[in-house]
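So the structure is just underneath, and the comments pick up after that.
The values are calculated or read from the model by the stated rules, or taken from the named source; none is laboratory data. Because the structure is predicted, anything quoted here is derived from the model rather than measured. FYI the Cβ positions are ideal-geometry reconstructions off the backbone, even for glycines, and counts take in every protein chain you see. Just the protein is used for accessible areas: all its heavy atoms, side chains included, with ligands, DNA and RNA removed. Shrake-Rupley method; radii C 1.70, N 1.55, O 1.52, S 1.80 Å.
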Amino acid sequence: MCEAEVFVATLPATDYGFATAVPSQKVEDFLTAVERFFEHIGGVPKILVPDNLKSAVIKRENGMPVLNNLFDDFCNHYGCVAIPARPARPKDKAGVEDHVKIVYRRVFAALRNETFYSIDELNAAIARKMREHNQKRMQQRPQTREELFLAIEKPHLMPLPKERYEVKFYTKLTVQDNCCIYLGRDMHYYSVPYKYVGFRMTVIYTATVVRIYMPDGELVREWPRDRTPGGYTTEETDMASNSQAYRRRSPAYYIGMSRGVNANLGTVVETMFARLSKGTPPEVLYNRCDALLRLQRNTEPRLFDLACESAIRFDRCSYRFIDHAIKSKCLGILEASRLEEMDAPPEHENIRGLFT
């Protein structure tokens, strides 16, 4: 069994109501619910009066609301203005307060004995009950809410934009020595030109695209979003290895540095660079090489040397294999070595060969 939140909206002049269920009150679900409301009424109201949930209002400063960045972007995309209701002032949204009671009586009560196996199935039932509510004759007026909406409010709605809104997420990331920013949400790297190494960039990403901006707002790179963990999305010209600029870090630098501290580590690093697929820039391995050098400094020398020797022996030259071997104190590797020694026949002049 899973719980759902029910979003309720209404239009003030005609009391036309709308309700839909979403998984939570998180900003993505809140914006999805508002977008469904716009699509249902076929237009965009000029003013929205949301409640003070965190998905809409982050805080209030000197009595003025500070909108959530995502909700602010959403309003800008649709061309409307948000004026949140004042805290503890239910009269600011009296129509919605009344409709919450109506939803309890005419939707929840009517569906209380039914079982739904998906949120889409639940929303279909809610939509059916809300349609019956909006098409029911009002006690004080001869028309229905739907008739009043089509006659009075529908003509004054702004048109829907051609493109649907995509939720935008904001973060600030530093360009690393491998000429990439690291998007932790997807554990993925995106390249920028090498001249920006060390810069603090503003990154805005949606479900489909990642945009990287300079602090002054200049767009540097735009990439399709890739959720491959540990993967790289790069442009060949971004990498320092393909420029005439002098860069301290290079494959030769890391191989020489590794050989200087441990011969087996040098072999591991050299093997890693040698096995890069054609066209893959060497910068993608710089972070792993730095991690191996840090691991070497923080590990007992004999244990680290054994882990590197095992990586070479079993053809597993990677940071992950060496790190796991060290964490396990190379116990599995030592056991495998002992078993091989036990299986090997002793060298003795009385041991006969096998004949077939």
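Note on LYS26: lysines with a C-alpha under 17 Å away, same-chain residues under 8 apart excluded, are LYS54, LYS59, LYS168.
Relative to the first principal axis of the alpha-carbon coordinates of the chain, what is the inclination of helix 331-343, with its axis defined by its Cα atoms, in degrees from 0 to 90 and to the nearest 10? Helix 331-343 sits at roughly 40 degrees to that axis.
Relative to the dominant Cα principal axis of the chain, helix 119-134 is inclined by about 10°.
Sites count as exposed loop sites when they are GluC sites (Glu not before Pro), lie in a DSSP loop, and have at most 12 other Cβ atoms within 10 angstrom; the longest stretch of the chain without one is 219-346.
I want the antiparallel fraction of DSSP beta bridges within the chain, as a percent rounded to 5.
Working: 31 of 35 bridges.
Of all bridge pairs located within the chain, approximately 90 percent are antiparallel.
Whole-Hz Karplus values for the stretch 136-146 come out as 7, 4, 7, 6, 9, 9, x, 9, 8, 4, 5 Hz, taken residue by residue from phi with 6.51 cos²θ - 1.76 cosθ + 1.60 and θ = phi - 60°; glycine and proline positions read x. Amide H contacts under 5 Å for GLN143: MET138, restricted to partners 5 or more places along the chain or on a different chain, H placed in the peptide plane at 1.01 Å from N.
Dipole size in debye (nearest 20) for the stretch 14-84 around its Cα centre, Lys and Arg Cβ +1, Asp and Glu Cβ -1? Intermediate results must be reported in sequence, preceding the final value.
Values: 6 positive and 9 negative charges, 34 e Å.
About 160 debye.
I'd like the antiparallel share, as a percent to the nearest 5, of DSSP beta bridges with both residues in the stretch 99-242. Before the final figure, lay out the partial values.
Numbers: 20 of 22 bridges.
Approximately 90 percent, going by the DSSP bridge assignments.
Springs between Cα atoms under 10 Å define the GNM used for the chain, and in it the highest mean-square fluctuation of LYS91, LYS172, LYS129 occurs at LYS91. Hey, if you drop one equal point scatterer on each alpha-carbon of the stretch 72-178 and run the Debye formula without solvent, what base-10 log of I(q)/I(0) do you get at q = 0.15, 0.21 Å⁻¹? Ignoring solvent entirely, the Cα scatterers give -1.04, -1.30. The mean accessible area for residues of the chain, using a 1.4 Å probe and ignoring ligands and nucleic acids, is 61 Å² per residue. Against the main long axis of the alpha-carbon atoms of the chain, helix 69-78 sits at an angle near 60°.
Protein heavy-atom surface of the stretch 126-177, 1.4 angstrom probe: 50% of the accessible area is carbon and sulfur, with nucleic acids and ligands not counted.
Which is the longest run of the chain containing none of the chymotrypsin sites (Phe, Trp or Tyr not before Pro) found in DSSP loop states (not H, G, I, E, B) with at most 11 other C-beta atoms within 10 Å? Display every interim value, and only then the final one.
Details: sites that count: TYR117, TYR246, PHE355.
Value returned for the longest uninterrupted segment is 118-245.
The 3J(HN,Hα) values that the Karplus relation (6.51, -1.76, 1.60; θ = phi - 60°) gives for the stretch 85-90 are, in residue order, 5, 6, x, 6, 10, x Hz. Gly and Pro appear as x. The distance from the alpha carbon centre of the stretch 127-144 to that of the stretch 39-105 is 24 Å, rounded to a whole number.
Once backbone amide H atoms are built at 1.01 Å from N, VAL57 has ASN68 as its partners under 5 Å, excluding neighbours fewer than 5 places away on the same chain.
Among residues other than THR206 with Cβ under 9 Å from its Cβ, the summed charge is +2 (Lys and Arg +1, Asp and Glu -1).
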